[in-house]
Amino acid sequence: MCACGLAENGLQGDDGGTNDVSSPDVKQDVVVLGDGGIDDGTIADVVVIDSPPDAPNVDAAALCAATCPTAGGVCLSDGTCHFDCSQSDQCTSADIKCPANIPCKIDCGFDSCTKPIDCNAASACAIHCTGGASCQDTIQCSGSQCTVDCSGNLSCEKDITCKAQKCTVGCGPADSCLAKVNCSGSDCRIDCTGFGACHGDLGCTATNSCFLNCQDGLTCGGNVNAGSATSTICCTGNSACNGAVGCTGAACNPYCSQNSSCNNPSCKSPTVCTPNASACP
């Protein structure tokens, strides 16, 4: 089982390194040997050292130690509060509420995490509902980034609300994400890629970008609405997007393939509506 944690710039992997999700470049420290001056017309030696990728934030680690155990989690080395409910029928008696101001990671196995998940106060959150029928109640998250992975059959039964600056919600297998999925913040992506995934309405009011993807058969059974500076709605699955499809904001690409159920998507003023299949997976 991967004991991953949220580091400052990404997820900590099994090898102890940090996978940067924001930039391909690795952070580096520059160390100048000597006084850094030019004594004899030559430049002082400079040594470039990769920053320790797994060095914990001291404040985060201390705060995690003070708040995570009482909330029911276990601190990882980088200061992430981890709720390990990866086995069957775990975390069923009480809500999961992440402590404030530290990263939070929640793993839910078969028929686990049956109560609400509240990650609103965490600095960042990663929620993995990988078991069948996992995450049976509401999911809420905020912070700098939030990932909700509903990759178990019939996972994520009730509303998902993401207010993080960067929201990523994946509804991969059959009949996952059975209720509404809403996101705000700055950037939001919702992928409904499993047959019959995303039964309820999809809504995005992120300020910078919205990407709503209804890719498989019978996905997105409710209304699909995006209101952002740039919005893309992809209804490409067989009989996908059975409800109303609409955009508000500056610009929108609402693409409905011929095999989908959507037609005549609404682009309300001042939105410029420019359907483009190449933007869709």
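If you go through segment 238-281 and keep only what is part of a loop (DSSP other than H, G, I, E, B) and at pLDDT below 90, you end up with Cys262, Asn263, Asn264, Pro265, Lys268, Ser269, Pro270, Thr271, Thr274, Pro275, Asn276. Counting residues in segment 231-249 that are outside the structural domain of Thr138 (by TED's automatic domain parsing), under 16 Å from the mean Cα position of the chain (by Cα) and touching a residue at least 12 places away in the same chain (Cβ under 8 Å) gives zero.
Going residue by residue through segment 204-213, is there one that turns out to be at pLDDT below 95, in the same structural domain as Gly185 (by TED's automatic domain parsing) and not in a strand (DSSP E or B)?
No, segment 204-213 contains no residue that is at pLDDT below 95, in the same structural domain as Gly185 (by TED's automatic domain parsing) and not in a strand (DSSP E or B).
Residues that are small (Gly, Ala, Ser) and under 13 Å from Thr193 (Cα atoms), at least 1 per element: which strands (runs of 3 or more DSSP E) completely within segment 140-182 meet that?
Details: elements: 145-150, 160-162, 166-171.
It comes to 166-171.
The values are calculated or read from the model by the stated rules, or taken from the named source; none is laboratory data. This structure is a prediction, so every number in the text was calculated from the model and none was measured. Here Cβ is always computed from backbone atoms with ideal geometry, including for glycine, and neighbour counts include all displayed protein chains.
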